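First comes the structure, then the notes that go with it.
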Amino acid sequence: MQANETTGSTQHFGDSPAARPAERPLGRAIKRGMLNRCPACGSGRLFKSFVKPVENCAACGEDYTPQRADDLPPYLVITIVGHVVLGGYMATDLVWPLTTWQHLAIWAPITVILSLLLLQPIKGGAIGLQWALKMHGFGDKPEETEAETTAAYGDRTA
Ligand SMILES: [Zn+2]
């Protein structure tokens, strides 16, 4: 009988978490961000208040200051809400003709409420996307400075 049979060791090269490259599945990161969860660990909160992301995850310490969601969330919200409201208005008007004021009374509040409800989840998804793709400062390398960009591509403002 072999002596090492009783050790029960099944360790293989690459099994330790440190040996594996950090995985950042895109879909999981976007889903976690949309649910107000840290895209990295899934347990810490991503937003400290309405559409204001935390600086660091309280659970895993991931730095969220490099996020540059900028105007992507409002752009997506306008696209989605615009289709829902305009489509809803036209469909309603086909079967149930209403006055302009009645339509305004229905669709204006829906526009505002839907926009407010969607903005934070979509911003969370955008931050999750940027984190998963290692955009901006989310990667291993710091974000390229303006001087480095100018050195690489020339001064485009001239
Ligand atoms: Zn975390």
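The values are calculated or read from the model by the stated rules, or taken from the named source; none is laboratory data. Model, not experiment: these values are computed from the prediction. Positions of Cβ are generated from backbone atoms using ideal geometry, with glycine treated the same way; all protein chains shown enter the neighbour counts.
Of the residues 33, 27, the single one that is loosely packed, with under 14 Cβ neighbours inside 10 Å, at pLDDT 95 or above and under 13 Å from the mean Cα position of the chain (by Cα) is 27. Does residue 58 qualify as being loosely packed, with under 14 Cβ neighbours inside 10 Å, within 16 Å of the ligand (Cβ to nearest atom) and not polar (S, T, N, Q)? So residue 58 fits the description; yes. Output the number of residues of the range 67-77 satisfying the condition of being out of contact with any helix residue (DSSP H, G or I) (no Cβ under 8 Å at 6 or more places or on another chain) and either buried (at least 16 other Cβ atoms within 10 Å of the Cβ) or not in a loop (DSSP other than H, G, I, E, B) (or both). Residues in the range 67-77 being out of contact with any helix residue (DSSP H, G or I) (no Cβ under 8 Å at 6 or more places or on another chain) and either buried (at least 16 other Cβ atoms within 10 Å of the Cβ) or not in a loop (DSSP other than H, G, I, E, B) (or both): 1 in total. Whether any residue in the range 87-98 is touching a Phe, Trp or Tyr at 6+ places or on another chain (Cβ under 6 Å) and more than 15 Å from the ligand (Cβ to nearest atom) is what I want to check. The answer is yes, given that some residue of the range 87-98 is touching a Phe, Trp or Tyr at 6+ places or on another chain (Cβ under 6 Å) and more than 15 Å from the ligand (Cβ to nearest atom). Could you list, ordered by first residue, the pairs with Cβ atoms under 7 Å in which the first is in the range 138-150 and within 21 Å of residue 56 (Cα to Cα) and at pLDDT 70 or above and the second is surrounded by 12 or more Cβ atoms within 10 Å (Cβ to Cβ) and not acidic (Asp, Glu), at least 6 apart or interchain? Listed by first residue and then by second, the contacts come to 138/66; 138/130; 138/131. Evaluated against (1) more than 16 Å from the ligand (Cβ to nearest atom); (2) surrounded by 11 or more Cβ atoms within 10 Å (Cβ to Cβ); (3) closer than 26 Å to residue 28 by Cβ; (4) at pLDDT 95 or above, residue 107 falls short on exactly one condition, (3).
Each residue in the range 43-55 was checked for being part of a loop (DSSP other than H, G, I, E, B) and within 16 Å of the ligand (Cβ to nearest atom), and 5 pass.
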